[in-house]
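Visitor: Let me begin by handing over the structure; questions about it come next.
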Amino acid sequence: MKKFTFPLLLFVGSLLLYSFNYQNGNNEWKAPETVNKVKNPVEVNAKNIALGKKIYNKMCWSCHGSNGAGDGPAGASLNPKPADLSSTAFQQQTDGAVFWKINTGRGTMASFENSLSEDQRWAVINYLRTLKK
Ligand code: HEC
């Protein structure tokens, strides 16, 4: 029995450490600093916002919800939950950081690099700015 004690302690210890990190937000998704300098080349105007809205309502709404609050029907059972795109914490990020996340993806949040053109991805970001609470 004794020879299991040490591996068992290690196992329980790493589980505790994992949940501790998780609860303390170390799971936060952070874009690299350098992408903050990347500028959005798509002009913020009614036409581009309407384009972004159309894409959002087709490809993002199901998880992020119609107002961006992260409460879409397809997101309910996901862990982590789809991000609240209307929150201050989200809206404080630069367009460059948001663009990087849409390109990179993480977990159930897919990369849209191949399914949307570059201009479409920037136009979606212009629309996301209108979701601010
Ligand atoms: C299948 C569900 C799903 C779809 C569809 C989806 N997302 Fe997400 N999204 C997520 C989840 C889950 C996260 C949180 C990922 C994480 O933190 O690991 C996320 C995170 C994000 C983030 C990062 C938020 C932050 O806090 O920094 C952005 C930006 C984003 N999504 C934009 C979009 C856009 C734009 C679309 C449509 C083109 C889209 N998502 C479609 C599930 C989805």
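FYI, it's all coordinate maths here, none of it is from the lab. Model, not experiment: these values are computed from the prediction. Cβ placement follows ideal geometry from the backbone for every residue including glycine, while neighbour counts extend to all protein chains displayed.
Visitor: Given a Förster radius of 41 Å and the C-beta distance between Lys2 and Trp29 as r, what FRET efficiency does 1/(1 + (r/R0)^6) yield to the nearest 0.05? Write down the numbers at each step before the final one.
Guide: Working: r = 43 Å, r/R0 = 1.04.
Efficiency, rounded to the nearest 0.05: 0.45.
Visitor: Specify the inter-centroid distance of the stretch 81-114 and the stretch 25-78, based on alpha-carbon positions, in whole Å.
Guide: 6
Visitor: How long are the semi-axes of the equivalent ellipsoid of the stretch 49-133, defined as square roots of 5 times the Cα gyration tensor eigenvalues? Whole Å, largest first. Walk me through the numbers on the way to the answer.
Guide: On the way: eigenvalues 58, 42, 34 Å².
The equivalent ellipsoid of the stretch 49-133 has semi-axes of 17, 15, 13 Å.
Visitor: Right, next: Skipping prolines and chain starts, which residues have an amide H placed within reach, meaning under 5 Å, of the one on Asn40, given they are 5 or more residues away or on another chain?
Guide: Under 5 Å from the amide H of Asn40: no residue qualifies.
Visitor: Between Val38 and Met59, what is the spin-label point distance in nm, taking each point 7 Å from the Cα along the Cα→C-beta axis?
Guide: 1.4
Visitor: Between Glu118 and Asn79, what length comes free when the chain is fully extended (0.36 nm per residue of separation minus the Cα-Cα distance, one decimal in nm)? Don't jump to the answer; show the numbers that get you there.
Guide: Values: separation 39, 0.36 × 39 = 14.04 nm, distance 2.80 nm.
Result for the pair: 11.2 nm of gain on full extension.
Visitor: Here's a follow-up. Of the cross-linked pairs Lys37/Lys81; Lys30/Lys81; Lys54/Lys132; Lys37/Lys58, which ones have a Cα-Cα span greater than 26 Å in the structure shown?
Guide: Working: Lys37/Lys81 28 Å; Lys30/Lys81 16 Å; Lys54/Lys132 17 Å; Lys37/Lys58 29 Å.
In this structure, Lys37/Lys81; Lys37/Lys58 lie more than 26 Å apart at Cα.
Visitor: Go through the stretch 22-80 and name the GluC sites (Glu not before Pro) that are in a DSSP coil and have 11 or fewer other Cβ atoms within 10 Å of their Cβ.
Guide: Numbers: sites: Glu28, Glu33, Glu43; in loops: Glu28, Glu43.
Qualifying residues, ordered by number: Glu28, Glu43.
Visitor: Any chance you could run the full-extension gain for Thr94 through Arg129? It's 0.36 nm times the residue separation minus the Cα-Cα distance, nm to one decimal. Please report the intermediate quantities before stating the final value.
Guide: Numbers: separation 35, 0.36 × 35 = 12.60 nm, distance 1.05 nm.
Length gained, Thr94 through Arg129: 11.5 nm.
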